[in-house]
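The structure appears right after this line, and notes come after that.
Each value in this text was obtained by applying a stated rule to the coordinates, not by laboratory testing. These figures come from a predicted structure and were not determined experimentally. Because the Cβ atoms are built from the backbone with ideal geometry, glycine has one as well, and the counts that use them run over all protein chains shown.
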């Protein structure tokens, strides 16, 4: 698959990051959040500009860092809202540093996100006193990684010193200790409680109103500065909704805004894995499959071949092979090298089986077709996978889902008979398959859709196929006693009504592909 295109493809990029870090990344809906086990991204455009690509990368890195390193059990009912907010500021910084030690490249992503959120945009001071203090804490911590933030830190510090004369010096001493020794989430909470204690102490020291009033440029009164900070430190929810956005919340807001902007045009959602009961194919189906596949296996070998790049070989012309220059001393002239292309089977093949309610009794035929194709391909050493849709997702009614029947690299089995039930979320299922294909190393990648009707979203399915082709994936369709497959794959699909028609249909489609690639 085209790596440059993959980087800009938000669904495939998110999937690649999830596999790299060992977490689940799902795409769909209109919210971005993490539940401690899975990272949920909203529906997004199939391709984004580099800002949106970087947001997805940075947000995924940040939330994965929390999944890996944050112990949320330390937050019990006794933790005040302001203590939790300060803890989150400290914990964000801590887990990002832990994560960057495992994945050094993520530090660049974190720094990009800090600049994007805290350096660009408006530089105004907050209108509320407690937000002024919290914002200074947030910016001070973020300036450790990105020095450009320091100018905003200084502006906040000047205002804080005019309102709370001793507070900043106490907090700076605390931050210095935390920066050198904050091993876990519990330690971050201890520092957060100490920071809130510093704020409480400052409030108790503000006994009388200054004679000269508040300095010029401060948008709140002395009494308001005292009461609001005291209120949040005592556990009041005063100002909680106005707290400054942390880096995660800011990224979530950007992603959700991007999702809303593509809602009318149809953002990309990706199916999730669900469950679906399977059973072995019937005996009469197996006998029919044996007869059909006997003649398919040998002919598939040539049709599945792809162009392979061989190793360098010595030559008398071409590019200089610097490691062979010693040949000149012994009067040999093969100091160059050349590359030649050969053919070999380096193909991944994925069957996407429609098992929606419209299949009815035809699902047994469709399952037998899928098994016959898989059996013929595996004999030729082709990496085959089979997935059916829709599936059942517990507690997630209406969420598009798939059920992998044979995963790539898994041994072939006969449990491919499934029950026909549900709608036809082919678009979301195709994006899920593309995510799986992007992880495979084979040069040639093929998706075969086996279906009897129209997808729920025809336009979305056509767009998914166009995007997949752009990434280098080939698409073919087999209509099961129905012509609707031609609506999404008009030039690379065939309709069959018996198993005996399968070989000629497959060969016709694949031979057409070979002719196009040769041309």
### Message
Based only on other Cβ atoms within 10 Å, what is the fewest-to-most ordering of 506, 16?
### Response
16, 506
### Query
Quick one: if the Förster radius is 56 Å, what FRET efficiency do residue 172 and residue 439 give, using the C-beta to C-beta distance and rounding to 0.05?
0.75
## Note on the structure
Between the Cα axis of helix 10-21 and the main Cα principal axis of the chain, the angle (0 to 90°, nearest 10) is 80 degrees
### Query
Measuring from centroid to centroid over Cα atoms, what is the spacing of the stretch 87-153 and the stretch 410-459 in Å?
42 Å
### Query
How big is the Kirkwood radius of the stretch 1-91, worked out from every pair of different alpha carbons and given in Å to one decimal?
14.4 Å
### Query
Label residue 127 and residue 324 with points 7 Å out from Cα along Cα→Cβ: what is the distance between them in nm?
7.6 nm
### Task
Once you have the Cα-Cα distance between residue 51 and residue 162, take 0.36 nm times their residue separation minus that, and quote the gain in nm to one decimal.
36.2 nm
### Protection-proxy order for peptides 67-75, 384-392, each taking the mean of Cβ atoms within 10 Å per residue, highest first
384-392, 67-75
## Note on the structure
Computed over the chain: longest principal axis from alpha-carbon atoms vs helix 363-378 long axis, angle to nearest 10 degrees, is 80 degrees
### Message
Quick check: residue separation of residue 508 and residue 407 times 0.36 nm, minus the Cα distance between them. What number comes out in nm?
### Response
33.7 nm
### Task
With all distinct Cα pairs included, what does the Kirkwood hydrodynamic radius of the stretch 3-261 come out to in Å, to one decimal, could you say?
19.4 Å
### Query
Cα gyration tensor of the stretch 362-494, axes a ≥ b ≥ c as square roots of the eigenvalues: rounded (a/c below 1.5), prolate (a/b > b/c) or oblate?
rounded
### Task
Counting only C-alpha contacts under 8 Å and six or more residues apart, can you give the relative contact order of the chain as a whole percent?
15 percent
#### Entry: Within the chain, helix-based [θ] at 222 nm, where runs of 4 or more DSSP H residues each add -39,500 (n - 2.57), nearest 500
-15000 deg cm²/dmol
### Query
Given R₀ = 41 Å, FRET efficiency for residue 223-residue 74 by Cβ-Cβ distance, to 0.05?
0.70
### Per-residue Cβ neighbour rank within 10 angstrom, fewest leading, 249, 143, 361, 43
361, 249, 143, 43
### Query
Tell me, what is the FRET efficiency for residue 155 and residue 19 to the nearest 0.05, using R0 = 60 angstrom and their Cβ-Cβ distance as r?
0.90
### Message
Based only on other Cβ atoms within 10 Å, what is the fewest-to-most ordering of 476, 103?
### Response
103, 476
## Note on the structure
Each label sits 7 Å from Cα toward the beta-carbon; between residue 469 and residue 262 the label points are separated, in nm, by 2.0 nm
### Task
Please state, as a whole number in µm²/s, the translational diffusion coefficient that the Stokes-Einstein equation yields for the chain at 10 °C and 1.306 mPa s, with Rh defined as the Kirkwood radius across alpha carbon pairs.
59 µm²/s
### Summary
Here the percent of antiparallel bridges among DSSP beta bridges lying wholly in the chain, to the nearest 5, is 40 percent
#### Entry: Between 0 and 90°, nearest 10: helix 222-233 axis offset from the chain longest Cα axis
50 degrees
### Message
Multiplying the sequence separation of residue 101 and residue 336 by 0.36 nm and subtracting their Cα-Cα distance, what value in nm do you get?
### Response
80.3 nm
